[in-house]
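The values are calculated or read from the model by the stated rules, or taken from the named source; none is laboratory data. Everything numeric here is computed off the predicted structure, so don't read it as measured data. Here Cβ is always computed from backbone atoms with ideal geometry, including for glycine, and neighbour counts include all displayed protein chains. We work out accessible area using only protein heavy atoms, side chains counted, and drop any ligands, DNA or RNA first. Shrake-Rupley method; radii C 1.70, N 1.55, O 1.52, S 1.80 Å.
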Amino acid sequence: MCGIFGYVNYLVEKTRGEISTNLIDGLRKLEYRGYDSAGIAIDGDKPDETLIVRQIGKVAALKEEYDSKDYNQDVSFVSHAGIAHTRWATHGQPKQINCHPQRSDVNNEFVVVHNGIITNFRELKTLLINKGFKFESDTDTECIAKLFKHVYDTNLKNGNSPDFNELMKQVLFEIDGSYGLLVKSIHYPNEVCATRKGSPLLVGVKTERKLKVDFVDVEFPDVESSHDISAKKEDLGLLPVAQGESSLRHSQSRAFLSEDGLPQPAEFFLSSDPAAVIQHTKKVLFLEDDDIAHIYDGELHIHRARKDDNLSATRAIQTLELELAQIMKGPYKHFMQKEIFEQPESTFNTMRGRVDFINHRVNLGGLKSWLTTIRRCRRIIMIACGTSYHSCLATRSIFEELTEIPVSVELASDFLDRKSPVFRDDTCIFVSQSGETLDSMLALQYCLERDALTVGVVNSVGSSISRSTHCGVHINAGPEIGVASTKAYTSQYIALVMIALSLSDDRVSQIQRRHEIIEGLQKIPEQIKKVLTLEESIKSLCTEELSTQKSLLLLGRGYQHATALEGALKIKEISYIHSEGVLAGELKHGVLALVDDQLPIIAFATRDSLFPKVINSIEQVTARSGRPIIIKNEGDTGISAERALAVLEVPQTVDCLQGLLNVIPLQLISYWLAVNKGIDVDFPRNLAKSVTVE
Ligand code: UD1
Ligand code: F6R
């Protein structure tokens with residue numbers, strides 16, 4: 001997932017300093033979606049000069065790199081076009097040569113920023129290499145930049161001088177895949193050409209005078225284009241000699257017409273996300289797939305890359321009434337709430353392309369060549385902090401059951417405090433959302449020094465833990481912004497179960513069990529959706545029964561012990577209410593003394609082999625006038641709700657996956673307890689998202 005941003009000023013004088021600040025600030029607004037590298041392209045001091053600045057890391061690192069270049073910031077540009085990009089790698093490690101903008105050649109004749117993937121880039125790359133192009137990066141994007149130059153040069157050779165948008169059409173004719181694309185070229189100074197297919201792109205418009213009309217006409221060529229992509233045939237050879245078409249600019253965009261016919265000052269902001277545009281202007285136009293937006297001379301023109309289907313012949317310029325925070329959070333009040341509700345999607349993404357539900361196979365690309373070594377290890381040590389530690393606890397038992405390798409679970413800080421012995425035939429699994437938690441990182445270093453095999457289970461691609469481990473699995477939950485970890489927990493849980501399944505796929509004795517779990521995994525996203533419908537009843541439970549509580553106990557055993565601990569952590573960290581997760585079997589060994597008719601006790605009573613024992617614990621609570629909140633399976637009549645304060649029903653799944661569903665009501669309870677207390681749940685006091693201190 002990447003962010004793209006472009007800024008074009010026409011007859012609005014801006015210094016280079018202002019232009020670069022605009023571009024870099026635009027990228028900062030996109031950073032909430034993730035980042036690992038960024039870059040910008042702007043004009044140089046000489047005509048025909050494009051400067052490219054790129055850096056790996058956050059946008060702040062790009063800013064530093066830019067500042068170190070000592071460009072003259074005071075040079076001013078009456079008109080100018082700049083493009084920018086921030087990247088959240090899903091393909092390969094972030095490296096400077098892979099950052100965007102990518103260029104056509106050493107003179108930066110064409111520079112592009114791109115979201116998405118070009119599926120035929122290998123074929124294109126081979127063809128372009130044969131034509132003498134020298135590739136610098138591992139990206140698919142680079143072939144777009146080089147293709148622009150090739151098509152441009154071919155046109156010139158044939159005596160054509162195509163308009164920028166026509167050139168774009170000819171390039172799109174050659175590429176397959178999905179894209180949000182911005183192109184800048186020294187051959188078309190102060191212009192930007194943009195297009196999209198399956199990747200969002202919008203244009204913000206800022207003018208001093210009111211626009212004549214609040215729409216832009218789609219412009220159709222006088223003669224049918226020979227590069228209409230709808231006419232593409234399967235067997236068409238790549239790179240046919242480009243045929244230039246009418247290069248006359250005869251149209252004027254009605255929206256930008258002035259009374260006196262004189263050019264109007266205007267600014268344009270192109271972005272993959274309204275978050276980067278909204279601070280500049282509320283007037284935006286959302287491009288449709290296959291639209292080509294061409295910005296020049298203070299006007300925005302829309303062309304089509306394909307013959308028009310039944311799409312409208314105009315694109316509306318809308319007024320966005322949203323605030324920045326609203327855009328980023330969508331319909332949700334907080335990131336935490338958004339992330340809780342994202343779980344049907346994020347859990348699906350963790351499994352996507354990795355679990356073959358038909359043949360009951362799990363294929364983890366990052367572990368494939370390490371499985372044999374791991375299977376031979378003496379023991380597995382899972383090491384993590386906080387919520388990530390709980391996901392290890394939740395999956396430990398299924399790990400042991402499937403792999404028959406002893407598994408211990410360690411809190412990183414305690415593991416280091418004890419200087420626990422580690423050997424070269426140990427496998428150490430590091431679980432971390434951020435991949436930057438210092439305690440976990442130090443424990444990783446400790447294990448590396450002792451030659452153990454290290455495996456990461458990490459959300460942030462390119463993070464320290466992801467880079468320093470021998471191998472691993474990215475959980476692909478997408479960026480998590482709320483300080484309280486929610487969707488990372490369910491995705492870590494699934495990733496760990498998938499690892500256990502991979503390690504055991506040579507065990508005939510486990511076939512039945514493995515099938516059952518894989519079938520269970522398939523249903524999880526839909527089942528989570530169902531649990532999320534409990535929000536209204538949870539909200540009222542939190543506003544009424546639980547509104548004045550100072551303390552809460554959570555009771556679980558077996559698989560649900562981890563859920564109880566995780567639920568208790570969520571509650572204390574964002575609602576500041578004391579809460580404690582208790583192993584139900586330990587109740588009678590001390591905790592029972594706390595039970596009275598005041599203290600609410602949340603009990604996990606979903607079906608598994610320990611169900612009778614949990615019922616027993618609940619009875620011990622009710623016998624002392626305690627009023628439990630019971631989480632049970634839908635329609636389960638085997639449990640009396642008579643003396644319960646509340647009952648919440650969740651769908652049933654395989655025992656070892658039930659925690660994925662049971663934790664969701666707890667996430668919602670913690671969220672609503674905090675909201676009711678007026679706490680800003682995304683920024684709980686004293687806590688940071690990424691704990692990079694000891
Ligand atoms: C990879 C691609 C994914 C693509 C898929 C297609 C990356 C980051 N992922 O996913 O975009 O869709 O191939 O086959 O390029 N690793 C560690 N430590 C960690 C996590 C991962 O060393 O903590 C290593 C893995 O061993 C692997 C690489 O990073 O070499 C990528 O891991 P992962 O994203 O999980 O691999 P795939 O699922 O194969
Ligand atoms: C709790 C929470 C923390 C983190 C812990 C580890 O909601 O977010 O307990 O789980 O700080 O962080 P990562 O997973 O980034 O290593």
- Rounded to the nearest Å, the spacing of the alpha-carbon centers of segment 511-526 and segment 656-680 is 25 Å
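Mind checking the per residue accessible area of the chain for me, 1.4 Å probe, whole number of Å²?
41 Å²
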- Task: Report the Cys residues of the chain lacking a disulfide-compatible partner, meaning no second Cys Cβ under 4.7 Å from their Cβ.
- Result: 2, 99, 143, 193, 377, 385, 392, 471, 542, 656
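Go through 388, 178 and list them by solvent-accessible area, largest first, probe radius 1.4 Å. Working shown, then result.
On the way: 388 15, 178 35 Å².
Largest to smallest exposure gives the sequence 178, 388.
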- Message: I'd like to know which of 56, 99, 32 lies farthest towards the positive end of the charge dipole of segment 26-148, counting +1 on Cβ of Lys and Arg and -1 on Cβ of Asp and Glu.
- Response: 32
- Here the FRET efficiency for residue 21 versus residue 332, based on Cβ atoms and R0 = 41 Å and rounded to 0.05, is 0.85
- The ³J(HN,Hα) series, computed from each phi in segment 396-406 with the Karplus coefficients 6.51, -1.76 and 1.60 at θ = phi - 60°, rounded to the nearest Hz and given as x for glycine or proline, is 4, 5, 5, 4, 5, 4, 7, 8, 6, 10, x
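Where in segment 310-391 are there GluC sites (Glu not before Pro) that are in a DSSP coil and have at most 11 other Cβ atoms within 10 angstrom of their Cβ? Intermediate values should be presented prior to the final figure.
Numbers: sites: 321, 323, 339, 342, 345; in loops: 321, 323, 342.
Answer in residue order: 321, 323.
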- Query: In straight Cα distance, which lysines are under 23 Å from residue 125, not counting same-chain residues fewer than 8 positions off?
  - Reply: 95, 134, 146, 149, 157, 169, 184, 197, 232, 233
- Asserting the computed 222 nm helical MRE of the chain (DSSP H runs at least 4 long, -39500 (n - 2.57) per run, divided by residue count, to nearest 500) equals -10000 deg cm²/dmol
- Item | Dipole magnitude (debye, nearest 20) for the chain, charges at Cβ of Lys, Arg, Asp, Glu | 1520 debye
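Take the alpha carbon gyration tensor of segment 65-203, find the square roots of its eigenvalues, order them as a ≥ b ≥ c, and report rounded if a/c is under 1.5; if not, report prolate when a/b exceeds b/c, else oblate. Walk me through the numbers before you get to the answer.
Values: a/c = 1.42, a/b = 1.11, b/c = 1.28.
Note, shape of segment 65-203 comes out rounded.
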- Query: Taking a 1.4 Å probe, which of 397, 609, 37 shows the most accessible area, and what order do the others take after it?
  - Reply: 609, 397, 37
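Compute the length gained on full extension between residue 135 and residue 597: take 0.36 nm times their separation in residues and subtract their Cα-Cα distance, giving the result in nm to one decimal. Let's see the in-between values first.
Details: separation 462, 0.36 × 462 = 166.32 nm, distance 7.24 nm.
My answer for the length gained is 159.1 nm.
How about segment 502-546: which GluC sites (Glu not before Pro) there lie in a loop by DSSP and see at most 13 other Cβ atoms within 10 Å?
When the GluC sites (Glu not before Pro) of segment 502-546 are filtered for loop state and at most 13 Cβ neighbours within 10 Å, 544 remain.
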- Task: Roll a 1.4 angstrom probe over the protein heavy atoms and tell me the percent of accessible area of the chain that is carbon or sulfur.
- Result: 49 percent
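Which loop-located chymotrypsin sites (Phe, Trp or Tyr not before Pro) does segment 379-453 contain, where loop means any DSSP state but H, G, I, E or B and the Cβ has at most 15 other Cβ atoms within 10 Å? Numbers along the way, then the final one.
Values: sites: 389, 399, 415, 423, 430, 446; in loops: 423.
Those that pass, being in a loop and sparsely packed, are 423.
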